[in-house]
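Below is one structure, written out as structure tokens, with a few remarks after it.
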Amino acid sequence: MTTPQQKIGSGFGAQSTADDVLNGIDLAGSTAIVTGGYSGLGLETTRALAAAGARVVVPARRRAVAQEAVAGIDGVETDDLDLSDLESVRGFAERFLDSGCQLDIVINNAGIMACPETRVGPGWETQFATNHLGHHALINRLWPAIAPGGGRVVAVASGGHGITGMRWDDVHFERAYDRWQAYGQAKTANVLFAVQLDALGCGAGVRAFAVHPGSILTPLQRHLAKEDMVEAGWIDEEGKAIDPTFKTPEQGAATQVWAATSPQLAGMGGVYCEDCDIAEPAGEGSEGGVHAHATDLEQAARLWALSAELTGVDAFATAK
């Protein structure tokens, strides 16, 4: 059985930075949206895309914080967006569509990790709702701006997708909430989303990718106690990263920037990438790679149908 999950020999790797992968790429005249593009990897992604000439829109739940973070970066603007609130998603998408701008790049970068049990909307588990459902609604509402130019959509997933597949009998963890299981399911959903969006959108020239940025110390760890990270071997007692596999923010942003812009991926899509290349299938007990449950075509279609039902948004409903 063949798989599209095969390295292409990009020439980049785990130590490559966002600037490295953008070397020689001119994004002048293009427009990008980077959710969460004002903190951690998102901020580095915003900076790198803008430096290459793109106009970057950073929608944010904390817009004042976002404005301060991106101040001084030419070509960047902010707007309001709370991914856990579907009305907020609708409002942002409508404002963008009203501008008449074409979208060349969307990077679904915003996310939360291992948070305490909380619920939003009609009782949805917050990690699944924010990391996946909000982005599902966003991309589908922005579709009229993405499709005409054959844009690229990048879903920032994680190696955490290996924790668990979709819990179809209890996606909102109404029974026995576990913060890491919930995170793993949300990251699996990110990968499955990219698989199905690519299948649906490739006819319009839109390609989608899921990426694992690597391990990086960013505000994503806000819900983890220092003791947890020391015990995991990520940091020392002074809070300094000691795990040699950890990346800098510049290196962590590289894979999503590469997936969003690289001509090496022309004509490709629906794949999971890591270390600035397409990832291989995960082996038994191996580090890295993509697990089969996250790229399964039937599960990808099933998740899309569920997400459309929950959010009430499906740009492809009439095309089926």
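The values are calculated or read from the model by the stated rules, or taken from the named source; none is laboratory data. Since the structure is predicted, the reported quantities are computational estimates derived from the model, not experimental observations. Cβ coordinates were reconstructed from backbone atoms using ideal geometry, including for glycine residues, and neighbour counts include every protein chain displayed.
General remarks:
- Total residues in the stretch 140-170 satisfying the condition of being within 24 Å of Gly214 (Cβ to Cβ), hydrophobic (A, V, I, L, M, F, W, C) and touching a strand residue (DSSP E or B) at 6+ places or on another chain (Cβ under 9 Å): the figure is 5.
- Scanning the stretch 51-110 for residues that are among the charged types (D, E, K, R), over 23 Å from Pro122 (Cβ atoms) and under 18 Å from the mean Cα position of the chain (by Cα) yields one hit, Asp104.
- In the stretch 118-135 there is at least one residue matching the filter, namely being outside any helix (DSSP H, G or I), over 20 Å from Val191 (Cβ atoms) and polar (S, T, N, Q).
- From the list Ala199, Ala145, Ala194, the one residue that fits, being part of a helix (DSSP H, G or I) and more than 24 Å from Asp277 (Cβ to Cβ), is Ala145.
- Selection within the stretch 41-72 - within 15 Å of Glu250 (Cα to Cα) and of a type outside the set (Val, Ile, Thr): Leu41, Gly42, Leu43, Glu44, Arg47, Ala48, Leu49, Ala50, Ala51, Ala52
- When residues of the stretch 265-300 are limited to those that are assigned to a helix (DSSP H, G or I) and touching a strand residue (DSSP E or B) at 6+ places or on another chain (Cβ under 9 Å), the one farthest from Thr45 (Cα to Cα): Ala292
- Test result for Val65, buried (at least 24 other Cβ atoms within 10 Å of the Cβ) and either closer than 24 Å to Pro148 by Cβ or not aromatic (Phe, Trp, Tyr) (or both): no
- Any chance Gly42 is assigned to a helix (DSSP H, G or I), under 21 Å from Leu138 (Cβ atoms) and not acidic (Asp, Glu): yes
- Tabulated pairs, the stretch 68-92, first under 19 Å from Glu44 (Cα atoms), second among the polar types (S, T, N, Q), C-beta under 7 angstrom, 6+ apart or interchain: Ala69/Ser39; Val70/Thr46; Val70/Thr78; Ile73/Thr46; Val76/Thr46; Thr78/Gln67
- The residue pairs whose first member lies in the stretch 191-217 and is farther than 14 Å from Ile139 by Cα and surrounded by fewer than 19 Cβ atoms within 10 Å (Cβ to Cβ), whose second member is at pLDDT 95 or above and among the β-branched types (Val, Ile, Thr), and whose beta carbons are closer than 9 Å, counting only pairs six or more residues apart or on different chains, are Ala204/Ile146.
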